[in-house]
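A short worksheet on the structure shown next.
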Amino acid sequence: MAIIDMVRWTPQEGEAVYAFRFPETNLSTYTQLVVYESQQALLFSKGQLLGKFGPGKHTLNTENLPLLRSLFGIPFGGKNPFTAEIWFVNLLQPANLEWQTGSMSVHDADYNTFLPLEAKGRYGVRVADAERFLTKLVIPHAQYTQTDLTDQCYGEFVNKTKSAVVGYMTQNRVGYKQVSAHLDSLSTFLRSNLTEFWNGYGIELSQFYITEIDIDTTTEEGRRVKAAIAEQAEMSITGHTWQQGRMFDTAQDALSGMGNGQGGILGGLMAIGMMGGLQGGNSAHLMTPNNSQPTFGQPQQQNGMGAPVGGGQMPRPASVFCSNCGKQFSTTSQFCPNCGHKYNPCPNCGRDNDEKAKRCTGCGTRLNADSERCPHCGAPVSQGSTFCSSCGKPMLIGDVCERCHAPLPPSVKFCPNCGHRR
């Protein structure tokens, strides 16, 4: 076989190549080795490293390669053949690589549940230790490209990245809502954790940053979580609660059914009652004849469904549904055990309401207003009212007319309102 007189490597355009093995191994002590800028050449023979060469033109003689005398018995001088593998390593090949972790389950500090998240970003690497790089990753490839690097290191790299992301978010209680504000600090944290991993292969991690952490929507579970978060955001913007949203959907279905000839009058009345409850007002006028008035002394209070609430205050239920997340919890709790929402009970029916609601979504009772309790039936009454809106009896106990219940001054013997003797 012919002796190679000149050895060099000129990278071609296309995919980045980090290492290239010269195809011929028949060399001599007169062979010229040309190494370009940003390259380093390494010679291996019989499992040993013969030498390293930086940029420049080198002669592969015994002065540059002292091991030739011990391995091959080559004396000084003369054109002596020998066999060796020559590797060229590109030390400054830039790499701007994309990475993605795939789904990882993180216990979220904002929603207090596990969320399927995924992280994406970019990183840059370069070869820092050519010998370690060749022995750990490259050999026995003929050449080593960017694809070879990402494929070979992907599994371990992703596992370490996932562990670092989950550990950072858990230890620092960074939730999904705030994670975008922590991308810089999280990128720095991950880079410090991954530097040792890349150094083990003779590679320097020149840059590393995270571009996005979001819900993994590649699975059905992730799509449901994403939809639930979007719905909660919409409720926060529009100011309606989860219960109101469900009532609105039900009312729309009932009205649609009535328009299609389905559901009858009962379905229509149910829809009207629900719409009244959603508006926080009294919808009884939609269901009673015109000019209909309650009997004197016996006013009737209607709830959000248009049904009268008589006989005083309604008993508080044993459990209610949270107006924030829709989960059921006991009325003995002050906060929802699922989302932490503060229990804001209606003073009449006990239903949980949003803290900004003005009326109960269930019975229409005014909320967050100064009120008194009827001394007879215990129902809530607006401050300054003369009569109870539930039982019709006077709020004042003492000097009142027995017939019309008007308040009586201490000095009169007859009621100035109806003339009844005191």
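A short reminder: the numbers here are calculations on the coordinates, not readings from a lab. Everything numeric here is computed off the predicted structure, so don't read it as measured data. With ideal geometry, Cβ positions are generated from the backbone for all residues, glycine too; neighbour counts draw on all protein chains shown.
Note on LYS226: aspartates and glutamates with a C-alpha under 19 Å away, same-chain residues under 8 apart excluded, are ASP108, ASP110, GLU118, GLU212, ASP214, ASP216, GLU234. Amide H to amide H, with H built 1.01 Å from N, ALA19 comes under 5 Å of ASN90, TYR144, counting only residues 5 or more places away or on other chains.
Ranked by the mean number of other Cβ atoms within 10 Å of their residues, highest first, the peptides 133-142, 353-362 fall in the order 353-362, 133-142.
Between SER105 and GLU212, 0.36 nm times their residue separation minus their Cα-Cα distance comes to what?
Numbers: separation 107, 0.36 × 107 = 38.52 nm, distance 1.58 nm.
Separation in residues times 0.36 nm, less the Cα-Cα distance, equals 36.9 nm.
Projecting the Cα atoms of SER187, TYR176, GLY202 onto the dipole axis of the stretch 97-221, where Lys and Arg carry +1 and Asp and Glu carry -1 at the beta carbon, places GLY202 farthest toward the positive end.
Its alpha carbons considered, the stretch 69-168 gives a radius of gyration followed by a Dmax of 22.0, 79 Å. Between SER192 and LEU97, the contour length at 0.36 nm per residue exceeds the alpha carbon distance by 32.4 nm.
The simple spin-label model puts a point 7 Å past each Cα toward its Cβ; for GLN232 and LEU49 those points are separated by 5.4 nm.
Ranked by the mean number of other Cβ atoms within 10 Å of their residues, highest first, the peptides 33-42, 149-158, 325-334 fall in the order 33-42, 149-158, 325-334. Legend: residue pairs LYS46/LYS160; LYS342/LYS393; LYS46/LYS79; LYS52/LYS120, Cα-Cα distance threshold 26 Å; pairs beyond threshold, LYS46/LYS160; LYS342/LYS393; LYS52/LYS120. Overall, the stretch 87-138 carries a charge dipole of about 280 debye about its Cα centre when +1 sits on the Cβ of Lys and Arg and -1 on the Cβ of Asp and Glu, all other atoms neutral. The fewest-to-most ranking of TRP87, TRP198 by surrounding Cβ atoms within 10 Å reads TRP198, TRP87. Entry note, the stretch 6-90: relative contact order of 41 percent, from Cα contacts under 8 Å with a spacing of 6+ residues. If I histogram all Cα-Cα distances within the stretch 97-221 using bins 5 Å wide from 0, what percent of pairs lands in each bin? That works out to 2, 10, 20, 22, 16, 12, 8, 6, 3, 1, 0, in percent per bin.
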